[in-house]
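Student: I'd like to ask some things about the structure below.
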Amino acid sequence: MKSKLLTASAALALMAAPTLAQDKLKIGMTFQELNNPYFVSMQEALNEAAASLGADVVVTDAGHDVAKQISDVEDMLQQNIDILLLNPTDSAGIEAAVHAAKAAGVTVVAVDANANGPVDTFVGSKNRDAGYMSCKYLGEALEGKGEVAILDGIPVVPILQRVEGCKAALEEFPDITLVTTQNGRQDRSVALGVVENMIQSHPNLAGIFSVNDGGAMGALAAIQGAGKDIKLTSVDGAPEAVQAIAAGGPFIETTAQFPRDQVRVGLAMALAQKWGARVVPKEVPIDVMIVDAENAAEFSW
């Protein structure tokens, strides 16, 4: 946790720097979606930070539509934003918008997921670590044996990295078999149906790793509906998931991210760039942490 705390401290120090002598900042942030408490908490932190700077904020929701996200960025550039915080819904598809922003002299920082093109800095969770930690926890909870499944999601880099980390952890348990990987699209209702089918197809299923808590909540409903003893782990640290873990039952762990810290540090990196810092990191990884029954009652984003 030390590196995350140091990075967050550096971010706060940068954002406390004087701004009165400068023109009023205009910050644009485009989210891949805002129908998710993870991104809502990120937006809240952005608004708080911007208020402390006396900056204006323009926020858009792409709704997982890259064409809309490109159009949203173009609209922000017409509004003369100084900083673009970009949470891409498609890392490759958004590249043209990144080039357009840089051509307009805008500082571009990708947050949570990286984007192709000349991004100044990327700030995001250690997603491979998150997948590894969650599936290591699952393997140990299963005492190193049994059938497990992965509830996958939209193929963006953070999700791919979580699955990669999960598989690396599972390989450390010779008596655990990964029997299926299926896409729940990080959506509760989709995941519910997917996991219901998993359970029917694999009656000996002992554990499931979900790439995010939204999907995990659907998986939890399916497990409880089937009356099965299937252990569930995930990634995010969303309030609803943390409550389910604290209550006891199939949902035993989530590896928490820190969305508020990501946007704070992202804004700090953008400000450093705008204010003339000659050395700004190209990438700032944010630590993750295990949340289980022992610490769920005290945890929050």
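The values are calculated or read from the model by the stated rules, or taken from the named source; none is laboratory data. This is a predicted model, so every value here is computed, not measured. For neighbour counting, all protein chains shown are included, and Cβ atoms are generated from backbone atoms with ideal geometry for every residue, glycine included. All accessible areas refer to the heavy atoms of the entire protein, side chains included, with ligands and DNA or RNA removed. Shrake-Rupley method; radii C 1.70, N 1.55, O 1.52, S 1.80 Å.
Student: Is it true that VAL108 is closer than 16 Å to ALA268 by Cα and part of a loop (DSSP other than H, G, I, E, B)?
Tutor: No; evaluated as a whole, the condition is false for this residue.
Student: On the basis of being closer than 30 Å to ASP23 by Cβ, outside any helix (DSSP H, G or I) and not basic (Lys, Arg), does VAL123 make the cut?
Tutor: In short, yes.
Student: Further, regarding this structure: Tell me whether the range 271-279 contains one or more residues that are basic (Lys, Arg), touching a Phe, Trp or Tyr at 6+ places or on another chain (Cβ under 9 Å), surrounded by fewer than 20 Cβ atoms within 10 Å (Cβ to Cβ) and farther than 30 Å from LEU170 by Cα.
Tutor: no
Student: When you go through (1) open to solvent by 20 Å² or more (accessible area, probe 1.4 Å); (2) not in a strand (DSSP E or B) one by one for GLU147, which number turns out not to apply?
Tutor: (2)
Student: Looking at the range 198-226, which of its residues are touching a residue at least 60 places away in the same chain (Cβ under 8 Å), in contact with a helix residue (DSSP H, G or I) (Cβ under 8 Å, 6 or more places away or on another chain) and open to solvent by 10 Å² or more (accessible area, probe 1.4 Å)?
Tutor: GLY214
Student: For ALA101, are the conditions met, namely being open to solvent by less than 40 Å² (accessible area, probe 1.4 Å), assigned to a helix (DSSP H, G or I), under 16 Å from THR60 (Cα atoms) and in contact with an Asp or Glu (Cβ under 8 Å, 6 or more places away or on another chain)?
Tutor: So ALA101 fails the test.
Student: Could I ask something else about it? I'm trying to understand the selection: among the residues of the range 121-144, which are surrounded by fewer than 23 Cβ atoms within 10 Å (Cβ to Cβ) and over 19 Å from the mean Cα position of the chain (by Cα)?
Tutor: LYS136, TYR137, GLU140, ALA141, LEU142, GLU143, GLY144
Student: For VAL291, all conditions in the list (1) closer than 25 Å to THR180 by Cβ; (2) of a type in the set (Val, Ile, Thr); (3) part of a strand (DSSP E or B); (4) open to solvent by less than 10 Å² (accessible area, probe 1.4 Å) hold save one; what is the number of the exception?
Tutor: (1)
Student: Could you list all residues from the range 227-261 that are more than 30 Å from LEU205 (Cβ to Cβ) and either of a type in the set (Lys, Arg) or surrounded by 24 or more Cβ atoms within 10 Å (Cβ to Cβ) (or both)?
Tutor: Once the filter is applied, which keeps residues that are more than 30 Å from LEU205 (Cβ to Cβ) and either of a type in the set (Lys, Arg) or surrounded by 24 or more Cβ atoms within 10 Å (Cβ to Cβ) (or both), the range 227-261 yields PRO259, ARG260.
Student: Which condition does MET15 not pass, out of (1) under 21 Å from TRP275 (Cβ atoms); (2) at pLDDT 95 or above, if it passes all the others?
Tutor: Here MET15 meets the rest and fails (2).
Student: So how many residues does the range 96-113 have that are closer than 21 Å to VAL284 by Cβ and at pLDDT 95 or above?
Tutor: Within the range 96-113, residues that are closer than 21 Å to VAL284 by Cβ and at pLDDT 95 or above number 10.
Student: Being in contact with a helix residue (DSSP H, G or I) (Cβ under 7 Å, 6 or more places away or on another chain), open to solvent by 10 Å² or more (accessible area, probe 1.4 Å), of a type in the set (Asp, Glu) and closer than 26 Å to PRO285 by Cβ, is that true of even one residue in the range 185-194?
Tutor: No, the range 185-194 contains no residue that is in contact with a helix residue (DSSP H, G or I) (Cβ under 7 Å, 6 or more places away or on another chain), open to solvent by 10 Å² or more (accessible area, probe 1.4 Å), of a type in the set (Asp, Glu) and closer than 26 Å to PRO285 by Cβ.
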